[in-house]
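So the structure is just underneath, and the comments pick up after that.
The values are calculated or read from the model by the stated rules, or taken from the named source; none is laboratory data. Nothing here was measured: the structure is a model prediction, and the numbers come from that model. Heads up, the Cβs are rebuilt from the backbone with ideal geometry, glycines too, and the neighbour counts pull from every protein chain shown.
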Amino acid sequence: MARIDLEHIRHSYLPAATSDADYALKEVHHSWQDGGAYALLGPSGCGKTTLLNIISGLLTPSHGRVLFDGRDVTGLSPEGRNIAQVFQFPVVYDTMTVFQNLAFPLRNRGIGEAEVARRVGETMEMLELTAFAGRRAQRLTADLKQKISLGRGLVRSDVNAILFDEPLTVIDPHMKWQLRSQLKLLHRQFGHTMVYVTHDQTEALTFADTVVVMYEGEIVQIGTPEQLFERPRHTFVGYFIGSPGMNVLPVEVDGATARFGSQSIGLPRAVEIAHDVRTEIGIRPEYVRIGTRGMPLVVTKLEDIGRQKIVRATLEGRAICAILAEGAEVPAHPRASFDPKGINLYADSWRVETEDGR
Amino acid sequence: MTRTWNNRAWFMVFPVLALVAFNAIIPLMTVVNYSVQETFGNNLFFFEGVKWYEEVLASSRFHAALWRQFLFTGTILLIEIPLGVAIALAMPRSGPWVSVCLVLMALPLLIPWNVVGAMWNIMALPDIGLLGHTLRQLGIDYNFTRQPGDAWFTIVLMDVWHWTSLVVLLAYAGLRSIPDAYYQAARIDGASHWSVFRYIQLPKMRRVLTIAVLLRFMDSFMIYTEPFVLTGGGPGNATTFLSIDLVKAALGEFNLGIAAAMSIIYFLMTLLVCWIFYTLMMRGQDQ
Amino acid sequence: MLELVNVSKRVGNEAHIDDISMRLERGTLNVLLGPTLAGKTTLMRLMAGLERPTSGDVRVDGASVLDVPVQRRNVAMVYQQFINYPSMTVYDNIASPLRLARIDAASIDRRVRRAAELLRLTPFLDRLPLSLSGGQQQRTALARAIVKDAGLVLLDEPLANLDYKLREELREELPKIFAESGAIYVYATTEPSEALLLGGNTATLSQGRLTQFGPTIDVYRRPVDLVTARTFSDPPMNVVHGTKAGHVLELEGGGRIPFPPELADIADAGYLIGFRAHHLSLTPSAPDSVALSARVNVVEITGSESFVHLDYAGQQWVMLAPGIHDFETGRIVDVHLDIHQLIIFDHTGRTVAGHERVAKVG
């Protein structure tokens, strides 16, 4: 287990990169604490897999250094860095049994058979694979294969970090729940440093203590799931996290009031904003209250998705989403109000601090 | 499971079926017919039952040819399969050199059989041939028309030159289909090159290698043109393989019954060996 | 109208599709929901005519189409992989089925532009598919399926290879696009949330059998059996064994809770009790909610909600609680169960009574 420092990492897949646009990864400078559970979240092409491969050593960055516990490992291969990685599509050695698969990384490192048997036994127990020990890995289901991939990392008690590259892509929804919670438990028990790459916000938020949101080769926000949900630093984070994403409405700010069409929305405190910036407020559907008071609303569609209802509507001519609890109804002449604690103010897409002491 | 059902498809296949009937089934039945009859010309035939078969199976000439045939096929398989895999492994996985390598590899396959034989014949000539002359210059007493060992060496070398490319192309296709994640996982697991080959590349190449072995087996078992052009089966009977022996019997000695019986035995043998190979190599394989 | 009548498909001894009958009306969206290998793809191939059933009949407007080859059936199909002609522009890709049908150039142009408009592809019509993002490539494939005016459009997990957010956007748009045409849409997915977002009708499949078919929200609220309830539940359905004794339900593990009064007329016996993750809560959600003690396994926090994985008498439960609650593993917490939301299954797994029965009857 180790602390991982990324020092001014930049990477381009082109041999002679000049402009910023040539870089798949633009300047990442960040530390991963020993024993932390991190998620790298972003749409495809945002550079998250590039960053993961730089950490694992499958890729050498064009610029910058990678440090494991202060030691420079930039030039080291994956085996030299002693990390484990679980890939999107399960990788198992077809001709080997489950036991042999898990023993493989140990045997490669010349560990004695008695020790191999003990460690593999423990790992299989942990992952509930014991019943399959003697089975050929090839014919198992995707979720078991993915457990084997994970097991090949866990079996090495000294791994510096375990990296995951969208590991639940091919897993059925029910099995996802099991694997996710099992992974979380393993992290709690053994405290490996884990980095998990995904485009799926649910996976990222539920797995990680700290989520790193990436967009177009840059980190746009690092925070706890709660921070990302409540206080997105950038409108992209507001849109990308949450389902449906945050409503972003153009406003004109005047002291402690935001004017949206003919409506006035109170802000937590007065802010000074230069007049040539684009100002917007962000409000999550969860904080849009539908009732008989507030701004008049035209409901265009009501989607019953079981445990809640999604209200799609227009407010002052702009599309807006709201969420209603199961069993709640939309009144005949619906009006909307915004819960003040859910209002965020954005200037040129970046969040403006409106709270004191934060 | 993915079979598409459509009545009209059969009409499309019909011309091919007719063609196959004409150039495979009908000749085969003719051969079966010959193999159980005696003829003295003038289209006179007498039924002989299994006499020809007994004669062939008991003849030492057939045993010798058969032994030579297995020795030859075994030798070239043992050389061509490992060599082909080795070359495929050494080829670049991406970049501009891929197409250059592929074209170079495909070249020998484009040359007609008899031309290959003639080429090597000239090449191996002890006096003016590039190979023959060089070997003699090196002080090796090389003469493929006189010394059986040299004849064998030349034929095997020729076949390896001609056909290893096929194994290379098949093995390369198999290697290319392995996702990068496997190699990456193996690196992370600390696997040696040998382990990567043994546990990833070889299992993933299994299907294409089965096809390569079957193709090379069938093809070399029927080899005729190249040794015919190169050595004509000599010196003596040193390179008289089954096909050459068969043609000698049928055309050289006009022993139609014997030749037909040999053809049938020979056909059944190829079929049997292929089946054994296929079952062995596919055993335990996921369908 | 497309009708499947006792359709089965066997391969060797295995039944890939086991005696399925269903009727799909024109202008409807029908979701096939089930895990991998439940038979969704095979069922679609049978509907399309790419495979012939081992037994049973496939009828269009009452007439059997078993002997009509797929080329003449007027179906369109979209796959999980983005399948387009790589050397053709987006425009030509969308136009290709119309050109095959020998439609005049002017109508082709009109229809292609309308389909492109619908799928927001207009700016990319001159581009090649491989230069587009995954979402745009799949939109191209969808446009090609839609432009054909096929009577039956089959979509086999079309969004599975797309990013989460793109999926969300397309899921919202697709029902609108579907509503514009009068075709029968069939949409296969493994995800319950996707079925709910799409609406329409849902057919739940399990091991080649059709377990229930009806309006999506009805199947979700009133599953006919435990298999359906489990298939259509994300997070997984919570279950516990219980014995009804008069007005009391004795749960395995020692809990005694009042039996839902609206279901009091069912016989005293052992039952399997099911309920969904959001019907468990940390504070009483209804005046007569009951409290149970369960042990926390692990908590997953989404930023606004917490999924609390619990162990109740050896059963694994998931509670979806609003807000952030980070309990330590092993801690015993009191959870409140809304007894009006219980679904009661008999020992064979058939639904005896569910919370919606009352709402439906009276």
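Checked against (1) surrounded by 18 or more Cβ atoms within 10 Å (Cβ to Cβ); (2) free of Cβ contacts under 8 Å to residues at least 40 places away in the same chain; (3) assigned to a strand (DSSP E or B), A:LEU58 passes all but condition (3). Test C:ILE324 against the criterion of being within 14 Å of chain A (Cβ to nearest Cβ) and not in a strand (DSSP E or B), and give yes or no. When the stated conditions are applied, C:ILE324 passes them.
If the condition is being at pLDDT below 90 and within 12 Å of chain A (Cβ to nearest Cβ), then the stretch C:138-161 contributes C:ALA160, C:ASN161.
Does C:VAL352 count as assigned to a helix (DSSP H, G or I) and either modelled with pLDDT under 90 or acidic (Asp, Glu) (or both)?
Working: assigned to a helix (DSSP H, G or I): no; either modelled with pLDDT under 90 or acidic (Asp, Glu) (or both): yes.
Spelling it out, it is not the case that C:VAL352 is assigned to a helix (DSSP H, G or I) and either modelled with pLDDT under 90 or acidic (Asp, Glu) (or both).
Could you list all residues from the stretch C:250-283 that are assigned to a strand (DSSP E or B) and at pLDDT 90 or above? Within the stretch C:250-283, C:GLU250, C:LEU251, C:GLY270, C:TYR271, C:LEU272, C:ILE273, C:GLY274, C:PHE275, C:LEU280, C:SER281 qualify. Just to be sure before I move on: is B:TYR199 assigned to a helix (DSSP H, G or I) and in contact with a Ser or Thr (Cβ under 7 Å, 6 or more places away or on another chain) in the structure I sent? Considered against the rule, which asks whether it is assigned to a helix (DSSP H, G or I) and in contact with a Ser or Thr (Cβ under 7 Å, 6 or more places away or on another chain), B:TYR199 comes out as yes.
Considering the stretch C:296-317, the residues that are among the hydrophobic types (A, V, I, L, M, F, W, C) and more than 7 Å from chain A (Cβ to nearest Cβ) include one that is nearest to C:ASN238 (Cα to Cα), namely C:TRP317.
For (1) without any contact (Cβ under 8 Å) to a residue 12 or more places away in the chain; (2) over 22 Å from C:LEU24 (Cβ atoms), each residue gets a yes or a no:
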| position | (1), (2) |
| --- | --- |
| C:LEU128 | no, yes |
| C:PRO158 | no, no |
| C:ASN161 | no, yes |
| C:LYS165 | yes, yes |
| C:PHE178 | no, no |
| C:GLY199 | no, no |
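Does the stretch A:85-98 include one or more residues that are within 13 Å of chain B (Cβ to nearest Cβ), in a helix (DSSP H, G or I), in contact with a Ser or Thr (Cβ under 9 Å, 6 or more places away or on another chain) and surrounded by 14 or more Cβ atoms within 10 Å (Cβ to Cβ)? Looking for residues that are within 13 Å of chain B (Cβ to nearest Cβ), in a helix (DSSP H, G or I), in contact with a Ser or Thr (Cβ under 9 Å, 6 or more places away or on another chain) and surrounded by 14 or more Cβ atoms within 10 Å (Cβ to Cβ), one finds none in the stretch A:85-98, hence no. Of the residues contained in the stretch A:14-24, one or more are found to be touching a His at 6+ places or on another chain (Cβ under 8 Å) and surrounded by 16 or more Cβ atoms within 10 Å (Cβ to Cβ). If you check A:GLU115, A:GLU79 for being more than 30 Å from A:THR18 (Cα to Cα), free of Cβ contacts under 8 Å to residues at least 40 places away in the same chain and surrounded by fewer than 16 Cβ atoms within 10 Å (Cβ to Cβ), only one passes: A:GLU115. Residues being basic (Lys, Arg) and surrounded by fewer than 18 Cβ atoms within 10 Å (Cβ to Cβ) are entirely absent from the stretch B:213-236. Summed over the stretch B:158-195, residues that are closer than 21 Å to A:ASN160 by Cβ and out of contact with any helix residue (DSSP H, G or I) (no Cβ under 8 Å at 6 or more places or on another chain) total 1. Of all positions in the stretch B:52-74, none carries a residue that is over 24 Å from B:ILE265 (Cβ atoms), polar (S, T, N, Q) and modelled with pLDDT under 85.
Among the numbered conditions (1) within 22 Å of A:LYS176 (Cα to Cα); (2) within 13 Å of chain C (Cβ to nearest Cβ); (3) in contact with a Leu (Cβ under 9 Å, 6 or more places away or on another chain), tell me where A:HIS192 comes up short. Here A:HIS192 clears every test but (2).
Evaluation of A:PHE164 against the conditions (1) within 30 Å of C:ARG230 (Cα to Cα); (2) away from chain C (no Cβ under 14 Å); (3) modelled with pLDDT under 90 shows that the sole unmet condition is (3). Please find, within the stretch C:107-118, the residue that is surrounded by the fewest Cβ atoms within 10 Å (Cβ to Cβ) out of those that are aliphatic (A, V, I, L, M) and closer than 25 Å to C:GLN71 by Cβ. Within the stretch C:107-118, the match that is surrounded by the fewest Cβ atoms within 10 Å (Cβ to Cβ) is C:ILE108.
Considering the stretch A:70-93 alone, what residues qualify as being at positive phi and out of contact with any strand residue (DSSP E or B) (no Cβ under 8 Å at 6 or more places or on another chain)? Result: A:ASN82, single match.
For the stretch C:47-79, taking the residues that are closer than 23 Å to B:TRP10 by Cα and in contact with a Lys or Arg (Cβ under 6 Å, 6 or more places away or on another chain), the one that is nearest to the other protein chains (Cβ to nearest Cβ) is identified as C:GLU51.
Has the stretch C:162-185 got at least one residue that is assigned to a strand (DSSP E or B), touching a helix residue (DSSP H, G or I) at 6+ places or on another chain (Cβ under 8 Å) and away from chain A (no Cβ under 13 Å)? Scanning the stretch C:162-185, I find at least one residue that is assigned to a strand (DSSP E or B), touching a helix residue (DSSP H, G or I) at 6+ places or on another chain (Cβ under 8 Å) and away from chain A (no Cβ under 13 Å), so the answer is yes. The set of residues from the stretch A:141-159 being over 15 Å from A:VAL116 (Cβ atoms) and either among the hydroxyl-bearing types (Ser, Thr, Tyr) or within 11 Å of another protein chain (Cβ to nearest Cβ) (or both) comprises A:THR141, A:ALA142, A:ASP143, A:ILE148, A:SER149, A:GLY153, A:VAL159.
Within the stretch B:177-197, the residues that satisfy the criterion of being modelled with pLDDT of 90 or more and either within 23 Å of B:LEU77 (Cα to Cα) or among the charged types (D, E, K, R) (or both) are B:TRP194, B:PHE197.
The set of residues in the stretch C:230-262 that are within 12 Å of chain A (Cβ to nearest Cβ) and not basic (Lys, Arg) comprises C:THR231, C:PHE232, C:SER233, C:ASP234, C:PRO235, C:PRO236, C:MET237, C:ASN238.
State whether one or more residues within the stretch C:75-90 are in a strand (DSSP E or B), over 19 Å from the mean Cα position of the chain (by Cα) and in contact (Cβ under 8 Å) with a residue 40 or more places away in the chain. Looking through the stretch C:75-90, at least one residue is in a strand (DSSP E or B), over 19 Å from the mean Cα position of the chain (by Cα) and in contact (Cβ under 8 Å) with a residue 40 or more places away in the chain.
Taking the criterion of being within 14 Å of chain A (Cβ to nearest Cβ) and in a strand (DSSP E or B), the residues of the stretch C:7-45 that qualify are C:LEU29, C:VAL31, C:LEU33. Would you confirm whether or not the stretch B:220-241 contains a residue that is modelled with pLDDT of 85 or more and closer than 25 Å to B:LEU83 by Cβ? Yes, that holds for at least one residue.
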